[in-house]
1. For segment 161-190: of the residues being over 17 Å from the mean Cα position of the chain (by Cα) and touching a residue at least 60 places away in the same chain (Cβ under 8 Å), which is surrounded by the fewest Cβ atoms within 10 Å (Cβ to Cβ)?
2. I'd like to know if segment 151-159 contains one or more residues that are out of contact with any helix residue (DSSP H, G or I) (no Cβ under 7 Å at 6 or more places or on another chain), touching a residue at least 12 places away in the same chain (Cβ under 8 Å) and among the charged types (D, E, K, R).
3. Within segment 51-95, which residues are among the hydroxyl-bearing types (Ser, Thr, Tyr) and either in contact with a Leu (Cβ under 7 Å, 6 or more places away or on another chain) or modelled with pLDDT of 95 or more (or both)?
4. Exactly one of (1) of a type in the set (Gly, Ala, Ser); (2) modelled with pLDDT under 90; (3) buried (at least 18 other Cβ atoms within 10 Å of the Cβ) is unmet by GLY29. Its number?
Amino acid sequence: MPRTSTARRRDEARERILEAAVEVIRSGGFRGAQMSLIALRAGVGVGSLYTHFPSQADLFAEIYQRVVRRELGVMREAVAADGGPALARLAVAVRGFCERSLQAGPLAYALMFEPSGPAVEALRIQLREAFREVLADLVALAVTENAVPAHDVAVSSAAVVGVMTETLVRPLSPAGTPPADGFADRVAAMALGVVTARLP
């Protein structure tokens, strides 16, 4: 059935709210993302905002899923697009993630590290696992290519996710220091070191 004009307007208002919320979080983090400020930026009333998102937690969870799933899709495409050796593709994936996170700046910090309630925390755990699964496929392929010794891929891919996220805490933090030149390359090298390490 064709969509009614009322449904289209509702969808457009919802989209404006989400876009406005992302920009507010980008400038002030989750802590500064007051519903009244988001409504003002979106050009809707606060009451209208709550008809789309019953609580701030619902809105934050929707934003988190939208932005982080988009990044997950970018990583999947990057991994699939390059047919080179698995370790080289792993380095590209980690380097690209770091570079995009640094470009996103405060928004990336808020999404990855800022306290934001149980709903977002649960999504963080869920989506970290999704990133791990993407990288685990590459690590398993590296084992098949005899580029690395056989090992527990679930453990090493989880460690790679840890390397590529935790190393971003300081450069992304509002009180942190800007990364030195070549930061993303060094993080990629550390991630490869995790995978290629030979246990005694």
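The values are calculated or read from the model by the stated rules, or taken from the named source; none is laboratory data. Computed from a prediction, not measured in an experiment: that's the story for all the values here. Counting neighbours? That spans all protein chains shown, and the Cβs are built from the backbone with ideal geometry, glycine included.
1. As a first pass, look at segment 161-190 and keep what is over 17 Å from the mean Cα position of the chain (by Cα): 174-183, 185-186, 189-190.
Narrowing the set further to residues that are touching a residue at least 60 places away in the same chain (Cβ under 8 Å) leaves 174, 179, 183, 185, 189.
Details: PRO174: 11, PRO179: 17, PHE183: 17, ASP185: 14, ALA189: 14.
That would be PRO174.
2. Looking for residues that are out of contact with any helix residue (DSSP H, G or I) (no Cβ under 7 Å at 6 or more places or on another chain), touching a residue at least 12 places away in the same chain (Cβ under 8 Å) and among the charged types (D, E, K, R), one finds none in segment 151-159, hence no.
3. Taking segment 51-95 and keeping what is among the hydroxyl-bearing types (Ser, Thr, Tyr), we get 51, 55, 64.
Residue satisfying the conditions is TYR64 alone.
4. (2)
Rundown of residues vs (1) in contact (Cβ under 8 Å) with a residue 40 or more places away in the chain; (2) out of contact with any Asp or Glu (no Cβ under 7 Å at 6 or more places or on another chain); (3) not in a helix (DSSP H, G or I), yes/no style:
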site: THR6; (1), (2), (3): no, yes, no
site: ARG9; (1), (2), (3): no, yes, no
site: GLU12; (1), (2), (3): no, yes, no
site: GLY32; (1), (2), (3): no, yes, yes
site: SER36; (1), (2), (3): no, yes, no
site: LEU59; (1), (2), (3): yes, yes, no
site: VAL68; (1), (2), (3): yes, yes, no
site: ARG76; (1), (2), (3): yes, yes, no
